[in-house]
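Worksheet: one structure, shown below.
The values are calculated or read from the model by the stated rules, or taken from the named source; none is laboratory data. Since this is a predicted model, take the numbers as computed values, not measurements. No Cβ is skipped: glycine too gets one built from the backbone with ideal geometry, and neighbour counts run over all protein chains shown.
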Amino acid sequence: MTLSAVHSSAAAGPRGWLLPFWVGAGVYLFQFVAGNDLLQDSDIFWQIEVGRWIVDHHAVPTTDIYSFTKLGAPWISSSWLAQLLYAAVFAQAGWAGVVGLSALAIAAAFALFVRFLQRHVEPALAVLLAMAAFILSIHHLLARPHVLALPVMVAWFGSLIAAADARRAPSLWLLPLLALWANLHGGFVLGLLLLGGVALESVWSAEPARRVALAARWMLFAFGAVLACCCTPYGWETLLASRRILDLGEVLAILSEWLPADFSRFGAFEASVLGLLGFALYRGLTLSPPRILLVLGLLHMALSHVRSIEAFALLLPLVLAKPWSEQLGGAPPALAAASSPRGIAAAALAALALLAASVPLAPHLRFALVAAQVPAEAVAVLQQRGAKRVFNAYEFGGYLIAAGVPPFIDGRAELYGEQFVVAHHRAVTLRDPDLLPRLLDDYNIDATLLAPTTPAVKQLDRLPGWQRVYGDAVAVVHARSAPR
């Protein structure tokens, strides 16, 4: 592929939906067949349980209703709509429904990604960029609320960039899209931050005589965006809930998805960053200051937290597409037939055929969560012993909630707070050997449920008043040998 693959879209116009449909359908089939890769995080257990609670009570939770350590403490679910959807598909189709819904959302995100790129690049290059984005994102493509928000994120940002490229303010019809994002996942705050950068780009690149009027329209849109974020059952508290996660401090250095990017081993992310830098230096790519801020902001997020790499992968090409097409030149390709009604119909039929092909596959695919996070036999032992206050590993909290056993801790770190989560981590890793016995006594713990490789297991094996009552490759159970 040569650099002529990049072109100006001024004369090209709409490119149609044929290629996006094929890309989306391909991503869907891949994710559906490899569905167990989506089921690598036991947080989906409590996500589904919250959705069930919403259905049963016709309300959203405002306090903790699951743990015994924070029972009744204020807590809101900023992902209530995603949890409701997961609960609905799980009730109808089990884990196949969860996998199918997640795969469909991921496929939609990549289809939209290609659709926006088609305004500026050849189909082959659009597919290549989609493949690169998929490789960079795959580590965080899990059956959790954030994947249901991915297509909304791409649609929101792609539409904002399109408006900035056209030197106009975005349509107010985009605001319901942001409201949907705010009900699906707390990551909608990123949408507000991106809005500021794109608005600055639009005003910066506009003719001087139009800047004041254009800035006023973007400010009006931004005001509407803030209001749209409050269009949830929790109102303005939705904004505060997202901030609580970012205020967890030391906890973000404990949870794997919040860790910074690791360049100690050469990987896809490092290759993409170095390749982008080298290509920009070689070709002399020039960006406006606002676009530079957007690029640096997305890069900073990806370097700070590995969970942000998919935003970098899906959004950065949309930032760079127009400048590259203008500066690298190249003749625009002929329009595809997909722009016609016949092409759209053909794309839709092709996509439906590929999606329908997944239905007969479902009975032959065994979907199940990763075994290391499903301590079924160990929890059965706890239930037989009547344990009420279980000190559990962080990754087992979701399964305990699904099993009806109140956990000591689970994936809702914003509920437990920095001090609590850090204390738990220091106890199970023996960073402070005296902390575990103190927590067991302070919280009147009946039994413990930890992974076999957890350092605290060896301490419990030797701790007076405690005995190992069960162990397998997934979990080890200790119980008090005598009542306190």
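Remarks
- Residue selected from region 463-484 under the condition among the basic types (K, R) and modelled with pLDDT under 95, by the criterion farthest from A451 (Cα to Cα): R484
- Residue check for G235: without any contact (Cβ under 8 Å) to a residue 40 or more places away in the chain, surrounded by fewer than 22 Cβ atoms within 10 Å (Cβ to Cβ) and under 26 Å from the mean Cα position of the chain (by Cα): yes
- Counted residues, region 198-215 - those being of a type in the set (G, A, S) and buried (at least 22 other Cβ atoms within 10 Å of the Cβ): 2
- Some residue of region 95-118 being at pLDDT below 95, surrounded by 19 or more Cβ atoms within 10 Å (Cβ to Cβ), outside any helix (DSSP H, G or I) and not charged (D, E, K, R): yes
- Taking region 434-445 as the range and being under 35 Å from the mean Cα position of the chain (by Cα) and in contact (Cβ under 8 Å) with a residue 24 or more places away in the chain as the test, the residues that pass are L436, L439, L440, Y443, I445.
- One residue from G411, G417 being over 15 Å from D43 (Cα atoms) and within 28 Å of the chain's Cα centre (by Cα): G417
- Only strands (runs of 3 or more DSSP E) whose full extent lies in region 365-484 are considered here, and the ones with at least 1 residues that are closer than 28 Å to A73 by Cα are 390-392, 447-450, 476-480.
- Residues being in contact (Cβ under 8 Å) with a residue 60 or more places away in the chain and of a type in the set (D, E, K, R) - total across region 28-59: 4
- Close contacts from region 418-429, counting a first residue that is touching a residue at least 60 places away in the same chain (Cβ under 8 Å) and a second that is surrounded by fewer than 22 Cβ atoms within 10 Å (Cβ to Cβ) and among the small types (G, A, S), with Cβ to Cβ under 6 Å and a gap of 6+ residues or different chains, come to E418/G249; V421/A413.
- Failed condition for A126, given (1) over 28 Å from V370 (Cβ atoms); (2) part of a loop (DSSP other than H, G, I, E, B): (2)
- If you check L460, L440 for being farther than 22 Å from Q373 by Cα and at pLDDT 95 or above, only one passes: L440.
- For region 453-478, taking the residues that are surrounded by fewer than 13 Cβ atoms within 10 Å (Cβ to Cβ) and under 34 Å from the mean Cα position of the chain (by Cα), the one that is nearest to Q384 (Cα to Cα) is identified as A473.
- In region 72-89, the residues that are within 13 Å of T238 (Cα to Cα) never reach a residue that is buried (at least 20 other Cβ atoms within 10 Å of the Cβ) and among the charged types (D, E, K, R) with C-beta atoms less than 6 angstrom apart, at least six apart or across chains.
- Checking V23, V55 one by one, the residue that is assigned by TED's automatic domain parsing to the domain that holds L112, of a type outside the set (K, R) and within 23 Å of the chain's Cα centre (by Cα) is V23 and no other.
- Against the test of being in a helix (DSSP H, G or I), in the same structural domain as V23 (by TED's automatic domain parsing) and modelled with pLDDT of 90 or more, the options A338, A351, A346, A302 yield a single qualifying residue, A302.
- Checking F110, F68, F134 one by one, the residue that is farther than 28 Å from L274 by Cβ, among the hydrophobic types (A, V, I, L, M, F, W, C) and touching a Phe, Trp or Tyr at 6+ places or on another chain (Cβ under 8 Å) is F68 and no other.
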